[in-house]
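Written out below as structure tokens is the structure these notes cover.
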Amino acid sequence: MEKIYDFDQIIDRHGTNALKTDALAKRYGNADLIPLWVADMDFATPDFITDALLARMKHPIFGYTQNPPGFYPSIIRWLKEQHQWDVKKEWLSYIPGIVKGIGLAINVFSNEGDKVVIQPPVYHPFRLVPQGNKRQVVYNPLKIGRDHYEMDFVQLEEILKDERCKILILSNPHNPAGVVWSSETLATLADICARHSVLVLSDEIHADMALYDNRHTPFATVSDNAANNSITFGAPSKTFNIAGLVSSFSIVPNDVIRLRFYSWLAANELNEPTIFATIATEAAYTHGRKWLKQLLTYLEGNIAFVEQYFKQNLPKIKVVKPQASFLVWLDCRELDLSHNELVDLFVKKAGLALNDGEMFGPGGEGFMRMNIGTPRNVLERACNAIVFR
Ligand SMILES: Cc1ncc(COP(=O)(O)O)c(C=O)c1O
């Protein structure tokens with residue numbers, strides 16, 4: 001009989017140094033908020049991963065370690081099964097975290113003063129990492145289309161005429177609004193970027209969590225232009241709730257880009273995983289299908305709950321229904337509040353820790369990002385707290 005996982009179980013994370021709980025006081029000035037911010041989930045990491053880690057921990061020596069032979073094959077099998085992508089072993093490298101991977105690629109493929117294009121509202125390290133590396137960040141804001149966000153290709157063409165633009169960072173699927181980009185959109189993006197010799201860094205950390213009937217399309221699969229002009233980053237960290245183990249990978253089909261990037265990683269030993277990263281990744285990608293299916297069903301239930309709740313109790317807050325992952329973008333613009341008033345409403349009045357939309361850049365004003373990767377009961381308490389503040 002298939003094992004049923006319990007996503008309703010409430011697990012206290014206080015005192016584990018979890019950012020989500022234990023950094024609340026520092027970040028929000030109040031340790032007692034309901035934490036719906038940092039993008040990890042409050043569900044137990046599945047047993048097939050903890051069992052694999054525990055089995056290795058029984059051996060008392062944690063010395064220098066080579067990759068288990070099943071590590072890369074497990075990634076290749078997973079990408080084929082989940083995303084119909086045939087990835088060759090030599091295209092892959094371990095990467096010590098996706099944000100770090102983006103930073104590494106920026107250092108290898110651009111120079112100080114060069115321009116990096118991002119499409120806000122978007123995951124804020126896309127701005128912070130290039131800026132921290134003294135690159136100029138250029139915005140090509142998304143447009144709100146008929147029922148979801150769209151890329152502005154007319155504006156992108158204009159922006160990329162500037163030869164100092166070297167890199168575009170793509171969030172695929174897109175955080176914070178949970179957009180699953182279509183293959184047509186990705187192919188158009190690939191053509192424009194290739195024409196202007198702008199390298200695409202495709203962050204696909206949320207790829208495994210497409211919801212409802214949506215399907216994730218890996219950027220590099222849409223055309224030759226995409227495959228030949230991109231670095232893709234993936235990870236089991238969001239999907240299986242193992243961000244703290246720091247296991248991610250890059251995929252580079254183009255020989256020239258790969259040689260340049262991977263020889264630099266190898267020179268600095270940045271392609272060498274830690275023991276637990278490889279063990280957790282192999283276990284996740286070997287045994288994770290059923291757990292993932294149950295997780296996605298639970299997340300869809302959480303989204304339905306939040307949608308229905310706001311519709312009935314506070315219709316001025318509109319839920320932008322995510323097509324992927326566990327982050328819900330709340331459109332609060334009808335409340336007609338300033339940024340500070342909106343943050344005050346959620347944090348001070350309701351006692352909730354959410355990410356405010358402004359941190360994701362232009363277009364985020366008037367929005368809040370709510371992490372619904374938590375037991376339904378917690379979500380219910382959070383929604384009640386906003387309505388009955
Ligand atoms: C789009 C996106 N990229 C990257 C990350 C973080 O990845 P890592 O922890 O591997 O740096 C997150 C986490 O929220 C994310 O949403």
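Where a number appears in this text, it was derived from the coordinates with a stated rule and is not lab data. Small disclaimer: the values here were computed from a predicted structure and weren't measured. Cβ: placed from backbone, ideal geometry, glycine included. Neighbour counts: every protein chain shown.
For the range 356-389, list residues with backbone N below 11 Å from a point placed 7 Å from the Cα of Leu314 toward its Cβ? What the label zone holds, given the 11 Å backbone N cut-off, is 368, 382-389. Electrostatic tally near Asp344: other residues with Cβ closer than 12 Å to its Cβ, Lys and Arg +1, Asp and Glu -1, net +1. Each 10 Å bin from zero holds the following percent of Cα-Cα pairs in the chain: 5, 23, 33, 26, 12, 1. With springs connecting C-alpha atoms under 10 Å apart, model the chain as a Gaussian network and identify which of Ala177, Ala226, Ala18 has the largest mean-square fluctuation. It is Ala18.
The Cα center of the range 368-389 and the Cα center of the range 214-247 differ in position by 29 Å.
Taking a ≥ b ≥ c as the square roots of the eigenvalues of the Cα gyration tensor, an a/c ratio of 1.5 or more together with a/b no larger than b/c marks the range 31-84 as oblate. Ranked by the mean number of other Cβ atoms within 10 Å per residue, highest first, peptides 97-110, 69-82 order as 97-110, 69-82.
Judged by the ratio a/c of the largest to the smallest principal axis of the C-alpha gyration tensor, the range 186-275 counts as oblate, that ratio being 1.5 or greater while a/b is no larger than b/c. Taking the average, over residues, of other Cβ atoms within 10 Å as the packing measure, peptides 284-292, 229-237 rank 229-237, 284-292 from highest down.
Taking other C-beta atoms within 10 Å as the exposure proxy, His206, His148, His83 rank His148, His83, His206 from fewest upward. Cβ crowding within 10 Å, taken as a proxy for footprinting-reagent exposure, orders Val154, Val252, Val343 from fewest neighbours to most as Val154, Val343, Val252.
Along its principal axes, the range 121-235 has C-alpha extents of 40, 31, 29 angstrom, given from the largest down. What shape does the range 89-178 have by the C-alpha gyration tensor, where a ≥ b ≥ c are the square roots of the eigenvalues, rounded means a/c under 1.5, and otherwise prolate means a/b greater than b/c and oblate the rest? Oblate, since a/c reaches 1.5 and b/c is not below a/b. Work out the P(r) tail for the range 1-107: percent of alpha carbon pairs separated by more than 17 Å, whole number. Cα-Cα pairs of the range 1-107 separated by over 17 Å account for 75 percent.
Computed over the alpha-carbon atoms, the range 160-202 gives an Rg to Rh ratio of 1.01, Rh here being the Kirkwood radius from the mean inverse distance.
Could you check what % of the DSSP bridge pairs in the chain are antiparallel, to the nearest 5? Just about 55 percent of them are antiparallel.
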